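Structure first, then comments.
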Amino acid sequence: MEGKVRSLIIFVVVLLLFGCGSRKEKATSDGFSADVESLVVFNKFAVMERTGPYKDIGGAIADLMSRLQQYNVPIAGKPFAIYYNDPTEVSPESLSWAVCVPLNTNANVDSGSGIKTVNLPRSLFAYTIHSGGYVDIAQKYDQLADWIEEHGLMIAGPALEFWLSDGDVPTESMRIKLGFIVAAAPEIDEDETEELEYQEEEDTSAETIPGG
């Protein structure tokens, strides 16, 4: 659990996008657009981690907001979600995720509330805007992952998303900002690439068939 919280200190900075200047998104030939922003700390966040289906996130947000109200903790923005697992690779009951809410800098959270608070460092966030609720949202994540690789970056954390629309808008009108914390991809020179390819070929030729 401690490792997950340490990772969270890096990854939940997505909500800081509300306070950062946004550059015009870069469009690709197929109409997909994405961009990268530098996020700067100016607040702290309340965090609740959960395990189970992603469909339970709405209830978890309600629980977090209720606890914050119960303990008179002032909030400073809209809640958002962090997704640690790919739902196509992990069973629903084993999915790990977290819901978060930005807090006023001077906010104190009672230790008995079951809520953690974190302060956040500077980070980079690669994102795109999705319209239409969760229809075809998996495809948008796939496009963004390809875009990140094409631009010399690598995914350095889980998926994050927050909602640009109010909760009472029709599903088809929902707008979601989604993305990943990213870092520059390591460069490999041609000699290193040739050496890796040679090692791969050598390893393959040395394989034996069990029972042979």
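A few points about this structure:
- Positions within the range 87-120 being under 19 Å from P158 (Cβ atoms), in contact (Cβ under 8 Å) with a residue 12 or more places away in the chain and assigned to a loop (DSSP other than H, G, I, E, B), in sequence order: P87, T88, L95, L120
- Residue match in the range 163-174 (condition: under 15 Å from Y83 (Cα atoms), in contact with a strand residue (DSSP E or B) (Cβ under 6 Å, 6 or more places away or on another chain) and part of a strand (DSSP E or B)): yes
- Number of residues in the range 126-159 that are in contact with a Lys or Arg (Cβ under 9 Å, 6 or more places away or on another chain), under 16 Å from A34 (Cα atoms) and open to solvent by less than 50 Å² (accessible area, probe 1.4 Å) equals 5.
- If you go through the range 33-65 and keep only what is part of a strand (DSSP E or B), surrounded by 15 or more Cβ atoms within 10 Å (Cβ to Cβ) and at pLDDT below 90, you end up with E37, L39, K44, F45.
- Filter pass, A81 being of a type in the set (A, V, I, L, M, F, W, C) and out of contact with any Lys or Arg (no Cβ under 9 Å at 6 or more places or on another chain): yes
- Filter pass, I82 being open to solvent by less than 60 Å² (accessible area, probe 1.4 Å), in a helix (DSSP H, G or I) and either closer than 30 Å to A183 by Cα or in contact with a strand residue (DSSP E or B) (Cβ under 8 Å, 6 or more places away or on another chain) (or both): no
- S173 vs. criteria open to solvent by less than 70 Å² (accessible area, probe 1.4 Å) and either more than 14 Å from the chain's Cα centre (by Cα) or hydroxyl-bearing (S, T, Y) (or both): yes
- Test: I75 is under 16 Å from M48 (Cα atoms) and either within 20 Å of the chain's Cα centre (by Cα) or buried (at least 19 other Cβ atoms within 10 Å of the Cβ) (or both): no
- Which listed residue is at pLDDT 60 or above, open to solvent by less than 40 Å² (accessible area, probe 1.4 Å) and not aromatic (F, W, Y), from L15, L68, L8: L68
- Residue list for the range 97-125, filter: open to solvent by less than 80 Å² (accessible area, probe 1.4 Å) and among the β-branched types (V, I, T): V99, V101, V109, I115, T117, V118
The values are calculated or read from the model by the stated rules, or taken from the named source; none is laboratory data. Please read these numbers as outputs of a predicted model, since none were measured by experiment. When we count neighbours, we look across all protein chains shown, and the Cβ atoms used for this are built from the backbone with ideal geometry, even at glycine. Accessible surface areas use protein heavy atoms only, side chains included; no ligands, DNA or RNA. Shrake-Rupley method; radii C 1.70, N 1.55, O 1.52, S 1.80 Å.
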